[in-house]
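The values are calculated or read from the model by the stated rules, or taken from the named source; none is laboratory data. Not measured: the values here are computed from a predicted model. Note: ideal-geometry Cβ built from the backbone for every residue, glycine included; neighbour counts use all protein chains shown. All accessible areas refer to the heavy atoms of the entire protein, side chains included, with ligands and DNA or RNA removed. Shrake-Rupley method; radii C 1.70, N 1.55, O 1.52, S 1.80 Å.
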Amino acid sequence: MITRRRLMVLAASMMMLPGIRSEDTPNLIVILTDDQGYHDVGFNGCEDIPTPHIDSIARNGVRFTSGYVSYPVCGPSRAGLLTGRYQDRFGFTTNPTIDPSVAEAGIPLEEKNIAEHLSKAGYRSMIVGKWHMGSHRQNHPLNRGFDEFYGFLSGGHNYFPENYVLEDLSEVRKKWDWYRTRLIRNWERVDETEYLTDALSREAVEFIDRQAGEVSPFFLYLAYNAPHTPLQASEKYLKRFSHIEDKSRRTYAAMVSSVDDGVRDVLAALDRNGMTDNTIVFFLSDNGGAANNSSNNSPLRGFKASMWEGGLRVPFAMQWKGVVPAGTDYDEPVISLDILPTIARAAGVGETPGKPFDGVDLVPFLKGERKGSPHETLKWRVFESGDFAIRSGDLKLLRERDVDGALFDLSKDVSEVTPDASGNESQKALLRKEWELWENELQPQAFPSLSDVWWNDEKR
Ligand code: CA
């Protein structure tokens, strides 16, 4: 059957319109884990949790040693990744409420996400896993550029299907109940039977297999919620780690291992469909390892939710065989905001007028065509607390709780142990000024937060 989309792509390619697929327009897969520690992949030195398949992405492409996200918790980080723009530019300053009646909780309609950009170029897109970009109908993935959805709308979920006892978010009556909803396929609730990570991997593989023979390129956003709490793993994975005595770390290891199996299956699906050379694969975590899931951010200081490197710097790798040289270590700072501009150039899609990307196309840097750093500065803001950070070159200035205005030279002190290493007050003032200029461009919080109570019967 010739679909409307295929007709559009065929017609456009015959007219050689820019941005429409030629033979080599790449597919894109973004594999996002949740609260995984910087150290908890083999390519960053992890020893107690083998991740050979995640590692193969770095081995076949590039390992980013200074790969950042734009916020140290789930929701705002994902909003940045998906739009290629600092999320505070549109008030996405906090984890959004998942109250399904709040339409403004999510990425504003005037901001385009990666699936919306790519759909204009004829891509077919699927999100598998965690959405967390609003629960109101207007923000449903199928209303935001995606063609297919399998997963859940909330910011976390239980892993065992026997716990999926709520029909949907309207039945939430107490905190964390949103982890117990039935899963969704497109608009419908479904009965899932597999351990959640395995189910998400299965759906990702089936989507890739369905693309065989399609004219249009595809975008797969595989947003695992592992290894976010609750720490829950199936026996299949736990028994791989009987040598780890600490029960939490053992369970965390099992959860990471289940993701690694999923990455194995996704990469194998690309191979058997002859798509490996024409598919960009990114792997990263949405923020640093959390203090409550037995993750390891070594040698970085701090955890999820902090301005320390352990909150912001994540395991980050990419492969694009035949384009990006295999086995590259890239040490200049990059950020999740770069993912959309990187595929946008290759897909021929542009920025929305008045909404320029903050990220950049990484490919010229990775191929050695452009020298220097992709970013003069990277910046972060925590709207509620006033905490902030800015990185320029190797220097990082931050405020984190009671540590205010501390300057570190990350080339000498990646663990941020000794503040004011350079002792340069004028440098601090310059960085502070630069951050303030950026902050003037940002918006205040645009919607209620996840922590605002909405789920009691009385209020509803
Ligand atoms: Ca997270």
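Results, tabulated for the structure shown:
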{"read-out": "Which numbered condition Ser248 misses (of (1) within 16 Å of the ligand (Cβ to nearest atom); (2) open to solvent by 10 Å² or more (accessible area, probe 1.4 Å))", "value": "(1)"}
{"read-out": "Count of residues meeting criterion [surrounded by 24 or more Cβ atoms within 10 Å (Cβ to Cβ), out of contact with any Gly (no Cβ under 7 Å at 6 or more places or on another chain), among the small types (Gly, Ala, Ser) and farther than 14 Å from Trp320 by Cα] in the range 56-79", "value": "3"}
{"read-out": "Answer from Pro364, Pro341, Pro374 - the residue that is over 20 Å from the mean Cα position of the chain (by Cα) and within 24 Å of Leu32 (Cα to Cα)", "value": "Pro364"}
{"read-out": "Yes/no for Asn287 being touching a residue at least 12 places away in the same chain (Cβ under 8 Å), crowded, with 22+ Cβ neighbours inside 10 Å and under 28 Å from Phe160 (Cβ atoms)", "value": "yes"}
{"read-out": "Ala115 out of contact with any Pro (no Cβ under 6 Å at 6 or more places or on another chain) and under 19 Å from Arg78 (Cβ atoms)", "value": "yes"}
{"read-out": "Residue check for Phe408: in a loop (DSSP other than H, G, I, E, B) and at negative phi", "value": "no"}
{"read-out": "All positions within the range 159-180 that are within 16 Å of Ser234 (Cβ to Cβ) and assigned to a loop (DSSP other than H, G, I, E, B)", "value": "Tyr159, Phe160, Tyr164"}
{"read-out": "Within the range 66-97, tally of residues that are of a type outside the set (A, V, I, L, M, F, W, C) and either more than 16 Å from the ligand (Cβ to nearest atom) or assigned to a helix (DSSP H, G or I) (or both)", "value": "15"}
{"read-out": "Asn297 being within 16 Å of the ligand (Cβ to nearest atom), over 30 Å from Val324 (Cα atoms) and at pLDDT 95 or above", "value": "no"}
{"read-out": "Qualifying residue in the range 215-231 (condition: out of contact with any Pro (no Cβ under 9 Å at 6 or more places or on another chain), open to solvent by 50 Å² or more (accessible area, probe 1.4 Å) and either at pLDDT below 95 or under 19 Å from Gly42 (Cα atoms) (or both))", "value": "no"}
{"read-out": "Meets criteria (assigned to a loop (DSSP other than H, G, I, E, B) and within 23 Å of Asp88 (Cα to Cα)) for Gly386", "value": "yes"}
{"read-out": "Conditions (1) within 16 Å of the ligand (Cβ to nearest atom); (2) buried (at least 24 other Cβ atoms within 10 Å of the Cβ); (3) of a type outside the set (D, E, K, R); (4) part of a loop (DSSP other than H, G, I, E, B); number of the one not met by Ala105", "value": "(1)"}
{"read-out": "Answer residue from the range 232-241, given it is under 26 Å from the mean Cα position of the chain (by Cα) and either among the hydrophobic types (A, V, I, L, M, F, W, C) or open to solvent by less than 30 Å² (accessible area, probe 1.4 Å) (or both) and is nearest to the ligand (Cβ to nearest atom) among those", "value": "Ala233"}
{"read-out": "Within the range 149-158, considering residues that are within 15 Å of the ligand (Cβ to nearest atom) and in a loop (DSSP other than H, G, I, E, B), the one surrounded by the fewest Cβ atoms within 10 Å (Cβ to Cβ)", "value": "Gly156"}
{"read-out": "Whichever residue in the range 304-320 is outside any loop (DSSP other than H, G, I, E, B) and under 30 Å from Thr93 (Cα atoms) and, among such residues, is nearest to the ligand (Cβ to nearest atom)", "value": "Gly311"}
{"read-out": "Flag if Phe303 is aromatic (Phe, Trp, Tyr), under 19 Å from the mean Cα position of the chain (by Cα) and buried (at least 24 other Cβ atoms within 10 Å of the Cβ)", "value": "no"}
{"read-out": "Residue list for the range 381-398, restricted to those being of a type outside the set (D, E, K, R) and open to solvent by 10 Å² or more (accessible area, probe 1.4 Å)", "value": "Val382, Phe383, Ser385, Gly386, Ser392, Gly393, Leu395"}
{"read-out": "Residue count, the range 273-324 (criterion: among the charged types (D, E, K, R) and farther than 30 Å from Asp209 by Cα)", "value": "4"}
{"read-out": "Single match in Arg189, Arg180, Arg202 (criterion: open to solvent by 10 Å² or more (accessible area, probe 1.4 Å), of a type outside the set (Val, Ile, Thr), more than 30 Å from Gly348 (Cα to Cα) and in contact with a Phe, Trp or Tyr (Cβ under 7 Å, 6 or more places away or on another chain))", "value": "Arg180"}
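Let's see how each residue does on (1) assigned to a loop (DSSP other than H, G, I, E, B); (2) within 16 Å of the ligand (Cβ to nearest atom); (3) within 26 Å of Thr197 (Cα to Cα); (4) touching a helix residue (DSSP H, G or I) at 6+ places or on another chain (Cβ under 7 Å):
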residue	(1), (2), (3), (4)
Val263	no, no, yes, yes
Leu267	no, no, yes, yes
Leu284	no, yes, yes, yes
Gly302	yes, yes, no, yes
Gly322	yes, no, no, yes
Pro341	no, no, no, no
